[in-house]
1. Go through region 42-68 residue by residue and tally those that are free of Cβ contacts under 8 Å to residues at least 40 places away in the same chain and in a strand (DSSP E or B).
2. Has region 91-107 got any residue that is part of a loop (DSSP other than H, G, I, E, B), surrounded by fewer than 18 Cβ atoms within 10 Å (Cβ to Cβ) and on the phi > 0 side of the Ramachandran plot?
3. Looking only at residues that are assigned to a strand (DSSP E or B) and touching a residue at least 40 places away in the same chain (Cβ under 8 Å) in region 120-131, which one is surrounded by the fewest Cβ atoms within 10 Å (Cβ to Cβ)?
4. Just to be sure before I move on: is residue 117 crowded, with 16+ Cβ neighbours inside 10 Å and modelled with pLDDT of 95 or more in the structure I sent?
């Protein structure tokens with residue numbers, strides 16, 4: 001019985017050691033690719049201020065690709081269903097420009113602060129844009 005417990009403990013310790021070595025080895029083998037696209041935003045946030053309830057508002061975030069290769073936007077995901085994004089669907093060459101358009105459905109009264117997560121072939125992988133404001137009740 002003692003032999004069985006010893007063998008089980010030894011096997012567990014060995015597997016943990018191997019897992020740690022692989023993790024450490026994996027981290028040291030990470031290559032950083034500098035040949036990627038890069039966003040340079042005119043502004044990464046927009047304040048709509050006070051807006052009327054029931055009237056959707058739109059803002060277009062503009063960017064320039066300051067990277068060394070074409071910038072490809074894979075997705076633009078809003079933080080809630082009240083925001084609808086649209087974006088440049090074609091690759092943006094270095095020095096070229098594009099957009100992310102965010103339309104907010106001002107249905108609920110009160111202040112709001114929403115994000116759009118932009119996934120692209122950049123060093124960071126994801127960029128966050130912000131829209132905010134206050135929806136006023138229409139009388």
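The values are calculated or read from the model by the stated rules, or taken from the named source; none is laboratory data. As the structure is a computational prediction, the values presented were derived from the model and not from experiment. Every residue, glycine among them, receives a Cβ derived from its backbone with ideal geometry; neighbour counts consider all protein chains shown.
1. Residues flagged as free of Cβ contacts under 8 Å to residues at least 40 places away in the same chain and in a strand (DSSP E or B) within region 42-68 amount to 4.
2. Looking for residues that are part of a loop (DSSP other than H, G, I, E, B), surrounded by fewer than 18 Cβ atoms within 10 Å (Cβ to Cβ) and on the phi > 0 side of the Ramachandran plot, one finds at least one in region 91-107, hence yes.
3. Here the answer is 128.
4. no
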